[in-house]
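The values are calculated or read from the model by the stated rules, or taken from the named source; none is laboratory data. The model shown is predicted, which means the values in this text are computed figures rather than measured ones. Quick reminder, even Gly has a Cβ in these numbers, built from the backbone with ideal geometry, and neighbours come from all protein chains shown. To get the accessible areas, we keep the full protein, side chains included, count just its heavy atoms, and leave off ligands, DNA and RNA. Shrake-Rupley method; radii C 1.70, N 1.55, O 1.52, S 1.80 Å.
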Amino acid sequence: MKKFRQCLGKFATGVAVVTCTDEDGKPYGITANSFSSVSLEPRLILWNIAKVSNSLQAFLDADYFAINILSRDQEDLSSHFAKSDHTLFDSIRITRSEQNVPLIPGSLAWFECHTHQIHDCGDHYIIIGEVVSFESSAAEPLLFFSGKYAAIDTESPA
Ligand SMILES: Cc1cc2nc3c(=O)[nH]c(=O)nc-3n(C[C@H](O)[C@H](O)[C@H](O)COP(=O)(O)O)c2cc1C
């Protein structure tokens, strides 16, 4: 298991906080690097959620969710939303989309999605979303590689 995890960690990724709300409007957020694009037409993306996640039921029930891609200066938010805690949003400034999904200001990009398909897969569920709105900024990305945060210098000459 350790060797498999180490090997998977050699795939450098960005970092996202995936958000949704439950039927009472309570916000949920979870740090995830399993985000991937799936289809351009229709616009589909996916991410995976662990079956042990305390936020699992909220995401399985949610009609809408958002992928907030973190910028380089949002490492603290990544650590924050990697915790299991019901008060995670108490200290975080958010806005809400038209569908009442939490959006994190200062993100590199965000995708608001309608839940399209959910697949039961091993110890995770694959959640596929159809993108209904999206936005990006010119900020620098936060990266994750071999279990550590990293950054790239996008100013360097090729
Ligand atoms: C960089 C990073 C990437 C992560 N990616 C995922 C992921 O794709 N899916 C997932 O279920 N958990 C992922 N996790 C772990 C969750 O963030 C963490 O287990 C979760 O927030 C715990 O709270 P919960 O029990 O309320 O879900 C990741 C953590 C980090 C630090």
Check whether at least one residue in the range 74-84 is surrounded by 11 or more Cβ atoms within 10 Å (Cβ to Cβ), at positive phi and not aliphatic (A, V, I, L, M), and report yes or no. no
Selection count, the range 89-106, where residues are among the charged types (D, E, K, R) and in contact with a Ser or Thr (Cβ under 9 Å, 6 or more places away or on another chain): 2
Subset of the range 35-54 (residues that are in contact (Cβ under 8 Å) with a residue 60 or more places away in the chain and within 12 Å of the ligand (Cβ to nearest atom)): 46, 47, 48, 49, 50, 51, 52
Within the range 121-131, does at least one residue satisfy the condition of being free of Cβ contacts under 8 Å to residues at least 40 places away in the same chain, within 14 Å of the ligand (Cβ to nearest atom) and among the acidic types (Asp, Glu)? no
Take residue 70 and tell me if it is within 12 Å of the ligand (Cβ to nearest atom), open to solvent by less than 70 Å² (accessible area, probe 1.4 Å), at pLDDT below 95 and not β-branched (Val, Ile, Thr). no
Just checking, which of 109, 82, 139 is touching a residue at least 60 places away in the same chain (Cβ under 8 Å) and either out of contact with any Lys or Arg (no Cβ under 9 Å at 6 or more places or on another chain) or away from the ligand (no atom under 14 Å from the Cβ) (or both)? 139
I need the full set of residues from the range 11-33 which are open to solvent by 60 Å² or more (accessible area, probe 1.4 Å), more than 12 Å from the ligand (Cβ to nearest atom) and either under 15 Å from the mean Cα position of the chain (by Cα) or closer than 14 Å to residue 87 by Cα (or both), in order please. 26
